[in-house]
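Below is one structure, written out as structure tokens; the observations come after it.
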Amino acid sequence: MRLKVKGGGTHLDLQHFMAIIKAGTPMAKMKAVVKTKRAPGAELCDIDIPRPGPNEILVKVLATSICGTDLHIFLWNEWADHRIHRIPQIMGHEVCGQVLDIGDQVKHIKKDDIISAETHIACGHCYLCQTGNGHICINGSIFGVDIDGVFAEYAVVPANNAWLIDANIPRDYGSIMEPLGNAVHTTLAGNIAAQTVLVTGCGPIGIMSIAVARACGATTIIATEINEFRKQLARQAGADLVLDPTADDVAKQIKLATDGLGVDVVIEMSGNPSAIRQGLDAIRPGGRFSILGIPDKPLEIDWGPNIIFKYITVQGINGRLMFSTWHQTARLLRSGRLDLEPIITHRFRLEEFEKGMDLMKSGNCGKILLYPHENVP
Ligand code: NAD
Ligand code: ZN
């Protein structure tokens, strides 16, 4: 039997595959992008195919995608040196996979199902997990950061983190559902319909936020970005006005576009201190300031005029709600209202991961997908 999956090519014969891994023969190896040293770079290695534990599933990775976190780990910046403890480790956390094997305790997933995955692994028993806040679990760990990730031909995923994908959702979208979930969580963390919105920073997640705000009824969407390539992506995703803080009078243009009032909602997607200050200037009194972007250093804000007297709500956003954000994201994808095609700008084979990392470093890209098995579509 040859397995055929929509959107992909011919897949490995399942019974043959399982016989190989159960026999533990030397053929039971896979290619994986491994962080082997506490230094810049990563290596493509041949390593053993992992086996799922009782509450885990083994997936064939149909598509995976590069996130800014992967770039930080690849480049080995200060954050990575401080945050990553386990080396060697397989990189990557965004995935769409076909289920090949399931642990003894797994009841709700079956072989051949197609999944995406929530990358925050919650303990399930701390105060936060018990009160419906597993995304900020105090004992949480993350794929490709604390445990082996998914830049590989095969990967093991905790069954509770698997998100079954609807047959209508393309496999590439399955891989980017996790960062899309960040955009959905931030954009829908308050009113968005009939609102005027400013998205500061049009990296992949900022661009996704523009698409989500557009799909959910925002009336005016303004974006700020300094990279030409990404300014163009912001326009394609549905921004009405794209401003460049290095060239435009952002404060003046936003006043003009909002009847002198300022925007109802700011969605901060850059982590850049001057973009954050610009957002605080541009928001109307009583507005919502939702922040996903992570500044790389502490930053000073004058709370009185910017927050207290302006009576704004400042909201930190971490990850995705488990799993209400996933339901919202899946519904938006199913509705056909989100066109993610302009956001996916490059597709490479897994072996070409360094090309993807270089592009991410340049900023001249949206989302970059990697394919461990198939030819690049
Ligand atoms: P990214 O780094 O690719 O995008 C940031 C964008 O901001 C870039 O395109 C950059 O050119 C732009 N930018 C820089 N300075 C600017 C300025 N002054 N004005 C306007 N734009 C400016 O990041 P991404 O992958 O799209 O993620 C967005 C942010 O969210 C990042 O800071 C990332 O670290 C963070 N993040 C947070 C979480 C979380 O759970 N809180 C999860 C994922 C990502
Ligand atoms: Zn917990």
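The values are calculated or read from the model by the stated rules, or taken from the named source; none is laboratory data. Remember, it's a predicted structure, so these values are computed and weren't measured experimentally. FYI the Cβ positions are ideal-geometry reconstructions off the backbone, even for glycines, and counts take in every protein chain you see.
Residues to consider are ASP172, ASP146; find the one that is among the acidic types (Asp, Glu), more than 20 Å from ALA213 (Cα to Cα) and within 13 Å of the chain's Cα centre (by Cα).
When all the criteria are applied, what remains is ASP172.
Kindly establish whether ALA39 is free of Cβ contacts under 8 Å to residues at least 40 places away in the same chain, in a loop (DSSP other than H, G, I, E, B) and either in the same structural domain as LEU359 (by TED's automatic domain parsing) or under 20 Å from the mean Cα position of the chain (by Cα) (or both).
Here the answer is yes, as ALA39 does meet what is asked.
Answer yes if at least one residue in the stretch 107-128 is within 16 Å of ligand 1 (Cβ to nearest atom), more than 17 Å from the chain's Cα centre (by Cα) and among the polar types (S, T, N, Q), and no otherwise.
no
Among all residue pairs at least 6 apart or on different chains, which show Cβ distances below 8 Å where the first residue, located in the stretch 135-152, is at positive phi and the second is assigned to a loop (DSSP other than H, G, I, E, B) and more than 13 Å from ligand 1 (Cβ to nearest atom)?
Final answer for the pair search is GLY144/MET91; GLY144/GLY92; GLY144/VAL150; GLY144/PHE151.
Just checking, does the stretch 276-293 include any residue being within 13 Å of ligand 1 (Cβ to nearest atom) and at positive phi?
no
Is it the case, given these coordinates, that THR131 is within 30 Å of CYS365 (Cβ to Cβ) and polar (S, T, N, Q)?
Taking the combined requirement at face value, the residue does not satisfy it.
Of all residues in the stretch 194-224, which are of a type in the set (Val, Ile, Thr) and surrounded by fewer than 22 Cβ atoms within 10 Å (Cβ to Cβ)?
THR219, THR220
For the stretch 339-347, state whether one or more residues are modelled with pLDDT of 95 or more, more than 23 Å from ILE169 (Cβ to Cβ), in contact with a Leu (Cβ under 9 Å, 6 or more places away or on another chain) and among the aliphatic types (A, V, I, L, M).
No, the stretch 339-347 has no match at all.
Just checking, how many residues over the stretch 234-244 are within 9 Å of ligand 1 (Cβ to nearest atom) and either crowded, with 17+ Cβ neighbours inside 10 Å or not assigned by TED's automatic domain parsing to the domain that holds VAL212 (or both)?
Of the residues in that region, 1 qualify.
Is one or more of the residues making up the stretch 249-260 surrounded by 24 or more Cβ atoms within 10 Å (Cβ to Cβ), touching a residue at least 12 places away in the same chain (Cβ under 8 Å) and farther than 30 Å from ASP101 by Cβ?
Scanning the stretch 249-260, I find at least one residue that is surrounded by 24 or more Cβ atoms within 10 Å (Cβ to Cβ), touching a residue at least 12 places away in the same chain (Cβ under 8 Å) and farther than 30 Å from ASP101 by Cβ, so the answer is yes.
Could you list, in sequence order, the residues of the stretch 295-321 that are within 16 Å of ligand 1 (Cβ to nearest atom), among the β-branched types (Val, Ile, Thr) and loosely packed, with under 14 Cβ neighbours inside 10 Å?
Of everything in the stretch 295-321, just one residue is within 16 Å of ligand 1 (Cβ to nearest atom), among the β-branched types (Val, Ile, Thr) and loosely packed, with under 14 Cβ neighbours inside 10 Å, namely ILE301.
Does ASN168 meet the test of being surrounded by fewer than 16 Cβ atoms within 10 Å (Cβ to Cβ) and either touching a Lys or Arg at 6+ places or on another chain (Cβ under 7 Å) or outside any loop (DSSP other than H, G, I, E, B) (or both)?
When the stated conditions are applied, ASN168 passes them.
Do the conditions hold for GLN98, that is, is it outside the structural domain of ASP296 (by TED's automatic domain parsing) and either more than 18 Å from ASP166 (Cα to Cα) or within 16 Å of ligand 1 (Cβ to nearest atom) (or both)?
Here the answer is no, as GLN98 does not meet what is asked.
Looking at the stretch 162-175, I want the residues that are over 13 Å from ALA63 (Cα atoms) and have a partner that is among the aromatic types (Phe, Trp, Tyr) and surrounded by fewer than 18 Cβ atoms within 10 Å (Cβ to Cβ) with Cβ atoms under 8 Å, at least 6 apart or on another chain. Which pairs are those?
Close Cβ pairs satisfying both conditions: TRP163/PHE323.
Taking the stretch 137-146 on its own, how many of its residues are surrounded by fewer than 16 Cβ atoms within 10 Å (Cβ to Cβ) and modelled with pLDDT of 95 or more?
The qualifying residues number 3.
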